[in-house]
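This report refers to the structure that appears directly beneath it.
Values quoted throughout were computed directly from the atomic coordinates according to the rules given, and no laboratory measurement underlies them. Please read all numbers here as calculations on a predicted model, not as lab measurements. Neighbour counts run over all protein chains shown; Cβ positions are idealised from the backbone, glycine included.
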């Protein structure tokens, strides 16, 4: 059974803290993604990685960075958390094959910044 | 630009059919998707349709695609309470990888 796991389901942090969100997949996928989900806005892509140490900015990268040191693990970093980063964060992975259709999602991390 | 729009709420009676509609703007999309998100869970792929098809049926699910009008719909026959969830429409655009552009999601509420 395919599996994408995220380190925390719920997280509460203070403004200005450095926050790490971790994602691990066990499907040997090349591609990994970080999205944020907000009501009425759907999912928006923050960053994408297509290989170890490789990354590309998505549609809303400001205030975020990422790290991919191992193929199975993709980390999202909030260097200095702000209240407007309170959101649901979803990680996903997919095969690099052009014909590959599906992105597999983790359960999400609900982050609250106070 | 890339944009996907769908209505935010739909309420149906148990046993009736549900129809969730979606419009998209990018004509270069390769696949169009419906994802389902149950409470407290991530997204799960429900079904997809290749952009050169106009209909796909999978058990209780029927996907209709009108490429000329860039309109996608998902019909759920005999809707059950277990179908209550948020349904996301997404278009897939290949630009070095399969990028997904999501709509805002339609919350389906099924009542007895």
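May I ask you to order B:12-18, B:90-96 by the average number of other C-beta atoms within 10 Å around their residues, highest value first?
Numbers: B:12-18: 13.7, B:90-96: 17.4.
In decreasing order of mean packing, B:12-18, B:90-96 become B:90-96, B:12-18.
Quick one: which of B:99-106, B:78-85 comes out on top by average Cβ neighbours within 10 Å, and what's the full order, highest first? Mind dumping the intermediate values first?
Working: B:99-106: 22.8, B:78-85: 14.6.
Highest-to-lowest ranking by the protection proxy: B:99-106, B:78-85.
Have a look at the DSSP beta bridges in chain A and tell me what percent are antiparallel, nearest 5.
On the way: 35 of 39 bridges.
Once the DSSP bridges in chain A are tallied, antiparallel ones form about 90 percent.
In percent, what relative contact order does chain B have, based on Cα pairs under 8 Å that are 6 or more apart in sequence? Show your work: numbers first, answer last.
Values: 282 pairs, mean separation 42.2, N = 112.
With pairs under 8 Å counted, the relative contact order is 38 percent.
Compute the distance in nm between two label points, each set 7 Å from the Cα along the Cα-to-Cβ direction, one at residue A:26 and one at residue A:53.
2.8 nm
Going by how many other Cβ atoms sit within 10 Å of their own, how do B:111, A:29, B:71 line up, fewest first? Don't jump to the answer; show the numbers that get you there.
On the way: B:111 9, A:29 20, B:71 13.
In increasing order of surrounding Cβ atoms, one gets B:111, B:71, A:29.
I'd like the distance separating the alpha-carbon centroids of region B:72-112 and region B:3-64, in whole Å.
The two parts, judged by their Cα centres, are 4 Å apart.
At a Förster distance of 30 Å, what's the computed FRET efficiency of residue B:27 paired with residue A:18, Cβ-Cβ distance as r, to 0.05?
On the way: r = 42 Å, r/R0 = 1.41.
Computed FRET efficiency for residue B:27 and residue A:18 comes out at 0.10.
Rounded to the nearest 5, what % of DSSP beta bridges with both residues in chain B are antiparallel? Before the final figure, lay out each step's value.
Values: 41 of 46 bridges.
Around 90 percent of the beta bridges assigned by DSSP in chain B are antiparallel ones.
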